[in-house]
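Reading through the structure tokens given below for one structure.
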Amino acid sequence: MAFYGLEGVQLLGTNGWNDADLPRLTRQFVEGAIFTDGFFRHSPYPFVQEFVERYFSKYNEEPTILEAQGYDTAGIMLTLLNDSRIQNREDVRRALAQLQNYPGVTGATR
């Protein structure tokens, strides 16, 4: 943006921008920028806070979207595989296709 002399442009970015160093390194070029993310580690939801605390106590670092997605994926699969009605791969496939509002740390998944 500096190279091309662009100013006053509002940027829209991905979760790759979720970095505390970004504002420091890019200063005025990200003023007013908006980025989306699939996981908010500072969520007020107790189950998200519990996940973050447990993860931090085990690994001594905060989880990122990758750890949160892995946690939700494992939770979904364990929930399905503990269901006595699921007997084979087709049952798993069908259950995944019908999944509605699984309460994961990344949000409600379907």
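The values are calculated or read from the model by the stated rules, or taken from the named source; none is laboratory data. Please read these numbers as outputs of a predicted model, since none were measured by experiment. Methodologically, a virtual Cβ is constructed for each residue, glycine included, from the backbone with ideal geometry; neighbour enumeration extends over all protein chains shown. Only protein heavy atoms, including side chains, enter the accessible area calculation; ligands, DNA and RNA are left aside. Shrake-Rupley method; radii C 1.70, N 1.55, O 1.52, S 1.80 Å.
Taking residue 76 as the residue in question, decide whether it is part of a loop (DSSP other than H, G, I, E, B) and modelled with pLDDT of 95 or more. Please lay out each step first, then the result.
Working: part of a loop (DSSP other than H, G, I, E, B): no; modelled with pLDDT of 95 or more: yes.
When the stated conditions are applied, residue 76 does not pass them.
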**Request:** Give the range 62-88 a look and list any residue that's under 22 Å from residue 20 (Cα atoms) and touching a Phe, Trp or Tyr at 6+ places or on another chain (Cβ under 8 Å), or say none.
**Result:** 62, 63, 64, 65, 67, 68, 69
**Request:** Consider residue 98 carefully, then state whether it is open to solvent by 40 Å² or more (accessible area, probe 1.4 Å), on the phi < 0 side of the Ramachandran plot, polar (S, T, N, Q) and under 19 Å from the mean Cα position of the chain (by Cα).
**Result:** no
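How about the range 21-50: which of its residues are open to solvent by 70 Å² or more (accessible area, probe 1.4 Å) and of a type in the set (Asp, Glu)? Show your work before the answer.
Initial filter on the range 21-50 (open to solvent by 70 Å² or more (accessible area, probe 1.4 Å)): 23-25, 27-28, 31, 34-36, 40-42, 44-47, 49-50.
Those that are open to solvent by 70 Å² or more (accessible area, probe 1.4 Å) and of a type in the set (Asp, Glu): 31, 50.
Given the residues 53, 67, which is the only one that is acidic (Asp, Glu) and open to solvent by 80 Å² or more (accessible area, probe 1.4 Å)? Talk me through it step by step, then tell me what you get.
Values: 67 fails: open to solvent by 80 Å² or more (accessible area, probe 1.4 Å).
53 is the lone residue from the list that is acidic (Asp, Glu) and open to solvent by 80 Å² or more (accessible area, probe 1.4 Å).
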